[in-house]
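Reviewing the structure listed below.
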Amino acid sequence: MTSLCFLRVLLRLCGTLSDLGVQMLNSSPNDRSSHESSSLESKHLQYIVTESTQAQVINNNNNNKKAMATDENVNSAASYSQSFFIDRTIRVAELNIEDGGRPFACLIVDPATNTILSQTGNHVAQTCDPTAHAEVLGIRLAAEALKQQRNDITAKALFDLDFYIMASPCPMCFGAMYLCAPRSITFITTRESYSIFYSDPRKYITFNEFYGEFVKDFSQRRLPTKQFLEQTLQNEAIQIIKLWREIKDKSDVSTIMTTDCAAFSKDVTLDNTSDDDSLSYRWFYRVLDLARANVVLHGGRPFACVIAHGDELIAESADQVDQLCDPTAHAEMQAIRIASQKLSSEHMYDMQIYSLAMPSPMSIGAMYYCSPSQLTFLVHPSLYEPLYQEPAAPKVPKLCNLYLEYGLSNDDRIMKMNQVEDEQAREKGLEVYRRWFQINIEKPKETSAN
């Protein structure tokens, strides 16, 4: 499995996007039929990642530019109806299966202009990136598309958009969409209906109880999670958040005294600490370094994350939301993306994750997929949320309240989701899962039996 993922990553890093596939997806509905016989049609989107010293970003290359559905034919079609967007979402999922991907897709539409900002399938299988679900990747690509249209955007530019998705979302994608405060979310199939045609076993996930994990206290979840109760380190973390708050409250950033961002060189006596605690001290000093530098030097938010294998650094990142104008670019998500590319695997069974603060539900959801052996964080939201105001507020609930949203019914949530009413569209969507099941489950079983 690892070698296959590695091969897929190399192919995507070295390959070029098929112009024929892009032309098909960006053509009008009447022009599609002439292209659909081509085996290259499925090469509709190339997802490329690069690694930098502190964060992973989307490589803004020509292939990604072509794949963002910004052609004149699509984006000038103000008469496109919801049924068109639903059909297109299903078609993207079909193409993703042909490309070796999973049967999920997302279309993000700007209702002000009725234009498609992004369209993509789930690219976890193709990239070995556990965060590359269709909704998350769609948000990242939409942010890129908006940045190309104008230079002065923030992450709030993704507010009030329309999402069309193949299925009711997983908790990670549910949390990601909350951060975008969408105008509407329309899904085609329910988890209950497609579950008989889909299999994706994970270490900590029970399909029917996945959402229930998020309303539990962190100490009661299947994902091993603990808070590192070291007062000195916690105070350092709070001071960094206070510094971020002070900078945000000042109109003239130059009036803020630049704090030394060199690596902490504190001498810590570890004679009476366990090996696990010694590693925690080591990695949390690195986390604090990243967070402080992100605030003072890079204009970012006061959060950072390290992924380690014992005493070996695997990946690290600070929060990149403001720098990338991408609501999904939380520190943990960025570090997981980097680690998955370094490891050529979406699984991190024997890795440890260290975060400055208890991660968002989106980031926790990503961890359920990559399955680290331990998550350790420094500060609980109850300590820092009085100091930290989410820039997306009041549209996005505070973190503690956001976790509670997972336990509510759709009618009681702030963010509502609606299933398409057209039974024919529901059945067409479900057929995509049947097709994926035949290709990936039934046929391999038949082959092994013979």
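Rule-based calculations on the coordinates, nothing more; no lab input. The shown structure was predicted, so the numbers you read here are calculated from the model rather than taken from an experiment. With ideal geometry, Cβ positions are generated from the backbone for all residues, glycine too; neighbour counts draw on all protein chains shown.
Residues with amide H under 5 Å of A167's amide H, sequence separation 5 or more or different chain, H placed in the peptide plane at 1.01 Å from N; which?
Those lying under 5 Å, H to H, from A167 are A105, I188, T189.
Under the Karplus relation 6.51 cos²θ - 1.76 cosθ + 1.60, θ = phi - 60°, what is the ordered set of whole-Hz ³J(HN,Hα) values for the stretch 428-433, x standing for Gly and Pro?
Result, rounded to whole Hz: 5, x, 5, 5, 4, 5.
If you count, for each residue, the other Cβ atoms within 10 Å and average over each peptide, how do 189-200, 417-428, 163-174 line up from highest to lowest?
Top of the packing list down: 163-174, 189-200, 417-428.
Please list the non-local residues whose amide H lies under 5 Å from the amide H of L117, H modeled 1.01 Å from N, same-chain partners needing a gap of 5 or more.
I108, V109, D110
For the ranges 402-414, 352-364, what's the packing order if you count other beta-carbon atoms within 10 Å of each residue, average per peptide, and put the highest first?
352-364, 402-414
Return the whole-Å distance between the Cα centroid of the stretch 142-157 and the Cα centroid of the stretch 302-357.
24
Rounded to whole Å and sorted largest first, list the principal axis extents of the Cα atoms in the stretch 319-407.
39, 26, 25
Roughly how big is the stretch 123-201's charge dipole about its Cα centre, with Cβ charges of +1 (Lys, Arg) and -1 (Asp, Glu), in debye to the nearest 20?
Value, rounded to 20: 200 debye.
Rounded if a/c is under 1.5, else prolate if a/b is larger than b/c, else oblate: which is the stretch 127-221, with a ≥ b ≥ c the root eigenvalues of its Cα gyration tensor?
Prolate, since a/c reaches 1.5 and a/b exceeds b/c.
Convert each backbone phi in the stretch 188-197 into a coupling constant with the Karplus relation 6.51 cos²θ - 1.76 cosθ + 1.60 (shift: θ = phi - 60°), then list the ³J(HN,Hα) values in order as whole Hz, x for Gly and Pro.
Rounded to whole hertz, the list is 9, 10, 8, 4, 5, 6, 8, 4, 6, 10.
Any of K248/K398; K242/K342; K203/K342; K156/K216; K342/K443; K216/K248 with alpha carbons more than 27 Å apart? Name them for me.
Result: K242/K342; K156/K216; K342/K443; K216/K248 exceed 27 Å.
Taking amide H atoms as placed 1.01 Å from N in the peptide plane, list the residues 5 or more away in sequence, or in a different chain, whose amide H sits under 5 Å from that of R102.
N122, V124, A125
Please identify the trypsin sites (Lys or Arg not before Pro) of the stretch 76-178 that satisfy two criteria: DSSP loop assignment and at most 10 other Cβ atoms within 10 Å. Which are they?
Filter output for the stretch 76-178: R150.
Residue by residue through the stretch 306-314, which ³J(HN,Hα) values in whole Hz follow from phi under the Karplus form 6.51 cos²θ - 1.76 cosθ + 1.60 (θ = phi - 60°), with glycine and proline marked x?
In residue order, the calculated couplings are 10, 10, 10, 10, x, 9, 9, 6, 9 Hz.
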